[in-house]
Amino acid sequence: MSDGELVAAYRKGDKNAWDILCKRYTDKLFGFFVNETGNYEDAKDLVQETLIEAMVNLSTLQKPESFKGWLYRIRGGILAKYFRDRYKWGIHEPIDDSVLETRAPYAAPTDQQPEHLVIAQEHLDIVHNMVNRLPKSEREVFLLKFADPEMPQKEIAKTLRISVNAVKTRWRRGKQNLRKQLEAKYPGEFTYLFE
């Protein structure tokens, strides 16, 4: 059954349909949250929060077939709240490097040689680590973009409760900071990201 069919079935009272949706997305959500937080226990909690929020608000989903994108937007909001709360309580732990091994492989074209895939994965890990060092306001915008590259700036603004102009400013400033950090530590290696 498709996501849309499962959503429709759940709305008609089929509780098993929701269980199937949860099983379908739990591993994906967990992988994402581990990737972004560097903490397995927090990732488990964030998966639960995301699924609970989705279940509670399922009646607001206008197009059942767009469940996946809708769920990922909720996921982005949960992640942003997680980082806001951590900074509010003064928790500034860096990402656990051992967690980097769980990152999904970089989606490089299939015609690339294996050594290029390894380099691409290393670059992705480096960029993720550098983003985690950005100031909180800039990092939140980047993490939401990582969570859903297609998310409009208006949606990011709504999630973070800031204006669209603030999103643009933070995105631009974040890119400048990221470029400086990467250029300082890896001169010439990441210029392709900012062309």
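We did not get these values from a lab; they are worked out from the coordinates using the rules stated. A quick note: this is a predicted structure, and the numbers were derived from the prediction, not measured. Please note: Cβ atoms are built from the backbone with ideal geometry, for glycine as well, and neighbour counts cover all protein chains shown.
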task = Describe numerically, in nm with one decimal, the distance between label points set 7 Å from Cα along Cα→Cβ at Lys168 and at Asp27.
result = 4.2 nm
task = Mind checking the full-extension length gain between Ala8 and Lys154? Use 0.36 nm per residue of separation minus the Cα-Cα distance, one decimal, nm.
result = 49.7 nm
note = Taking the reciprocal of mean 1/r across every pair of different Cα atoms in the range 16-76, the Kirkwood radius in Å is 11.8 Å
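What pairs from Lys15/Lys136; Lys44/Lys154; Lys28/Lys175; Lys154/Lys185 go past 31 Å between their alpha carbons?
On the way: Lys15/Lys136 39 Å; Lys44/Lys154 29 Å; Lys28/Lys175 27 Å; Lys154/Lys185 33 Å.
Pairs exceeding 31 Å: Lys15/Lys136; Lys154/Lys185.
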